[in-house]
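Below: the structure, in structure tokens.
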């Protein structure tokens, strides 16, 4: 396994691999890897000649009051996990390598990025789409794997790839949960034992909303109200609980066939997200 720290090293490697006819799979991450990330790497490993994993805590997707400085980092642990899963290349640049001091170009998706996390984190998706665009140019992947835990991010990236004609296939990786049902996230380490126990209410609320909507699609508002109440009763501070058309991320209509019920809530100072996607 090779670790590249510079953009030039990675791009030269990727271009040479493409010229030799190799296929490349990319798994973008912010590090502090867990079993969810490993499931994405395994998907890439099964399909690609070369697997590249980026490990970069991207500053442009954090607002000034968010946890960029304290975001968990453990590169040695990440590298060991990647090697165990037969990753070929880790790309681990620093901030100065990825962004020039006077960088002034960004990539914006203007529809799917507006609701849900985009409503409370207005600069988040601009940071995501910009860094992913850069990674696509550097790693030259034939396909990239993104997890369904970050469902809105997955949909935004798919839209960006479609609209900007990237010759890249975006592959979904299933949402992976811990044994207790909590969606795996690098931020879970922030939770105290009590907060973690109470945070299980998010998934419980979403499962309840899903069951209620499938039983009576005409009462989505009631299902969402009850879901919020479940989280609030567990002393979670709700950012949103929403049910949207998966194709448009707008309010569902009579034509909606696929629905996402998504939630974001704080337990202590930790913001967690989760979702259920299903057919109507």
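Any read-out appearing in this document is the output of simple, stated calculations on the displayed coordinates, not a laboratory observation. These numbers come from a predicted model, not from an experiment. Here the Cβ positions follow ideal geometry from the backbone for every residue, glycine too, while neighbour counts run over all protein chains shown.
Values computed for the structure shown
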{"read-out": "On Cα atoms only, tilt of 201-215 relative to the major axis of the chain in degrees", "value": "70"}
{"read-out": "Folded to 0 to 90 degrees: helix 124-139 orientation relative to the chain principal axis, Cα", "value": "30"}
{"read-out": "Between the range 94-141 and the range 1-51, the alpha-carbon center distance in angstrom", "value": "19"}
{"read-out": "Rh by Kirkwood over Cα pairs, then Stokes-Einstein D for the chain at 0.890 mPa s and 25 °C, µm²/s", "value": "125"}
{"read-out": "Share, in percent, of DSSP beta bridges within the chain that are antiparallel, nearest 5", "value": "50"}
{"read-out": "Three-way shape label, the range 186-279, alpha-carbon gyration tensor, a/c 1.5", "value": "prolate"}
{"read-out": "Spin-label pair residue 180/residue 69, simplified geometry with 7 Å Cα→Cβ offset, distance in nm", "value": "2.9"}
{"read-out": "Helix-only mean residue ellipticity at 222 nm for the chain, each DSSP H run of n ≥ 4 adding -39500 (n - 2.57), per residue, nearest 500", "value": "-12000 deg cm²/dmol"}
{"read-out": "Residue 94 versus residue 221: modelled label distance in nm, points set 7 Å from Cα along the beta carbon direction", "value": "5.5"}
{"read-out": "Backbone N under 20 Å from the residue 194 label point (7 Å along Cα→Cβ), restricted to the range 203-239", "value": "230-238"}
{"read-out": "Angle between the chain longest axis and helix 75-84 axis [Cα atoms, degrees, rounded to 10]", "value": "80"}
{"read-out": "Additional length obtainable on full extension of the chain from residue 101 to residue 240, 0.36 nm per residue less Cα span", "value": "46.5 nm"}
{"read-out": "Projected-area mean, the range 1-79, by convex hull of Cα positions, square nanometres", "value": "6.1"}
